[in-house]
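The values are calculated or read from the model by the stated rules, or taken from the named source; none is laboratory data. Computed from a prediction, not measured in an experiment: that's the story for all the values here. When we count neighbours, we look across all protein chains shown, and the Cβ atoms used for this are built from the backbone with ideal geometry, even at glycine.
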Amino acid sequence: MIDLRSDTVTQPSPAMREAMARAPVGDDVYGEDPTVNRLQEMAASLLGKAGALFVPSGTMANQLSIRVLTQPGQEVIVESKSHIVRYEQGAAGALSGVQLHWVVGDRGIMTPEQVEAAIRPRDPHTIPTALICVENTHNSGGGSIYPLGTIERIHAIAARHGIPMHLDGARLFNAVVATGVSAADYARPFDTVSVCLSKGLGAPAGSLIITNEAALLDKLRRFRRMYGGAMRQAGILAAAGIYALEHNIARLKDDHDNAKRLARLLQKIPAVTLNPEHVETNIVMFDVISHRLPPAEIVAALKREGVLINAVGGTTFRAVTHLDVSPQDIDRAGEIFARVLGS
Ligand code: TLP
């Protein structure tokens, strides 16, 4: 089976499992897990900030960041197709009591002008804008990358209005590898940054929230406990994260090359609509319009032939490359796509 549903499906490699088995551990609620502490220090230094907190998932990293940067009854500016809007079960409303103000970006990328227009005027009638969230790379935008200049211009606007910023950097290292911009440069304008270890980096679980502010880190730690995300001998998982940061960042380029390879193969199929220039990292979004089969049946037919992908709404499908997919797998997947979608 060639599994292109997500980069979350990667299996920990034997060397990663070995690192996990050998990890010294302690009770992280007491701050005594040396491997968790080492991972947090590594992540903070990679992103050029003072501190980091290890949490179980990317969703929790986003939601804790929203929780500590807002008050109930405030508003958060966020792109309309972002993970926070689409895939977090309404957590921002349920857990932080905030309202989400959607901005419709171009492949997920908001312009500074759009963000500025979405900031509420200070007025006795309006809800205060408390936070601006950016997702880089943008998942539903097809792995699209925020230009650093756009982020910096959004930040200049946010700073003028005294509004903090959160980066959902679940796939930040994909942007780093694709552009050569450092993680620290991408992270600089943000008060909190979340990064995931269990996407393209190949760890079995875990995310980090990185911040410069000690007071925020204390609050994050308190709410992590409230949300049930404080773990004990979590060094077993953190060791996989350290291994991932040390070994699996540069190789993300292979995933980007494979995504482009897949896009070129898909583009040859008449039923497929796709712009290969939009494939910037490891996500390939494409449309299959007026096919005799509905999307769910296309997914099932591909599965019968040995390829797994996700239908993500309407006529759109998503294929994601990752470290368990080789160029040979991509070529075989290309043949299967041509056979199923050509019939
Ligand atoms: N994305 C998953 C699904 O939840 C859609 C995927 O398969 O791509 N931010 C971004 C940008 C993400 O893509 C994801 C996961 C998360 C946050 C949440 O991470 P987890 O699944 O660890 O909570």
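Of the conditions (1) outside any helix (DSSP H, G or I); (2) over 15 Å from Glu135 (Cα atoms), Val193 fails just one. Which one is it?
(2)
Filtering region 160-182 down to residues that are touching a residue at least 60 places away in the same chain (Cβ under 8 Å) and crowded, with 23+ Cβ neighbours inside 10 Å, which residue is farthest from the ligand (Cβ to nearest atom)?
Per the stated criteria, the residue is Val176.
So which of Ile157, Ile210 ends up being away from the ligand (no atom under 15 Å from the Cβ), farther than 22 Å from Ala319 by Cβ and either at pLDDT 95 or above or part of a helix (DSSP H, G or I) (or both)?
Only one candidate qualifies: Ile157.
For the condition in the same structural domain as Arg188 (by TED's automatic domain parsing) and either at pLDDT 95 or above or more than 25 Å from Ala187 (Cα to Cα) (or both), what is the one hit in Ala271, Ala205, Ala263?
Ala205
Determine whether Val284 is buried (at least 22 other Cβ atoms within 10 Å of the Cβ), within 16 Å of the ligand (Cβ to nearest atom) and outside any helix (DSSP H, G or I).
yes
Yes/no per residue for (1) modelled with pLDDT of 95 or more; (2) crowded, with 19+ Cβ neighbours inside 10 Å; (3) more than 23 Å from the chain's Cα centre (by Cα); (4) part of a strand (DSSP E or B):
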| site | (1), (2), (3), (4) |
| --- | --- |
| Gln11 | yes, no, no, no |
| Arg17 | yes, no, yes, no |
| Pro24 | yes, no, yes, no |
| Val29 | yes, no, yes, no |
| Gln40 | yes, yes, no, no |
| Ser45 | yes, no, no, no |
| Lys49 | yes, yes, no, no |
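Identify, by number, the condition in (1) surrounded by 19 or more Cβ atoms within 10 Å (Cβ to Cβ); (2) within 30 Å of Pro295 (Cβ to Cβ); (3) among the hydroxyl-bearing types (Ser, Thr, Tyr) that Thr273 doesn't meet.
(1)
Hey, Leu302 hits all of (1) among the aliphatic types (A, V, I, L, M); (2) touching a residue at least 40 places away in the same chain (Cβ under 8 Å); (3) not assigned by TED's automatic domain parsing to the domain that holds Asn139 but one; which does it fall short on?
(2)
Can you name the residue in region 313-323 that is β-branched (Val, Ile, Thr) and closer than 23 Å to Gly202 by Cα and, of all such residues, is farthest from the ligand (Cβ to nearest atom)?
It comes out as Thr321.
Return the pairs, sorted by first residue and then second, in which the second residue is assigned to a loop (DSSP other than H, G, I, E, B) and aromatic (Phe, Trp, Tyr), the first residue lies in region 131-143 and is within 18 Å of Val68 (Cβ to Cβ), the beta carbons are less than 7 Å apart, and the residues are 6+ apart or on different chains.
Final answer for the pair search is Val134/Tyr146.
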